[in-house]
Amino acid sequence: MLILKILLFAFPVIFFLIFLYLKSKINNAINSNENKEISKQIIECEKCGVFVDQDLLVKKNKKFYCSQNCSNP
Ligand SMILES: [Zn+2]
């Protein structure tokens, strides 16, 4: 019966430790995602001065613009 009592006591502790472990894993994943977002380059439009995400930039004559509108003179 002593073993049963130890098990009854140990299970919640083990589950709690697993929970803490998973929680830190999830937090790390979220943090690394945030870091990726921050490291994404944001560049200023040559014409209107708007800051644009690198993915949305229009590149023309080695200069960067926020849209096709701005890239046309
Ligand atoms: Zn612009």
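Odds and ends about this structure:
- Once both labels are positioned 7 Å from their Cα atoms along Cα-to-Cβ, the gap between ASN72 and CYS48 label points is 1.4 nm.
- Relative to the Cα centre, the charge distribution of the chain, modelled as +1 at Lys and Arg Cβ and -1 at Asp and Glu Cβ, gives a dipole magnitude of about 140 debye.
- Per the chain, cysteines lacking a partner by the 4.7 Å Cβ criterion: CYS48, CYS70
- Between 0 and 90°, nearest 10: helix 2-39 axis offset from the chain longest Cα axis: 10
- For LYS63, neighbours were defined as the other residues whose beta-carbon sits under 10 Å from its Cβ, and their charges (Lys and Arg +1, Asp and Glu -1) total +3.
- Considering helices alone, the calculated mean residue ellipticity of the chain at 222 nm is -20000 deg cm²/dmol, with DSSP H runs of length four and up weighted by -39500 (n - 2.57) and normalised per residue.
- With Cα atoms as the point set, the radius of gyration and Dmax of the chain evaluate to 26.0, 86 Å.
- Lysine pairs in the chain with Cα atoms under 26 Å, if 8 or more residues apart or on separate chains: 14
Every read-out reported here was derived from the displayed coordinates using simple, explicitly stated rules and does not represent laboratory data. As the structure is a computational prediction, the values presented were derived from the model and not from experiment. For neighbour counting, all protein chains shown are included, and Cβ atoms are generated from backbone atoms with ideal geometry for every residue, glycine included.
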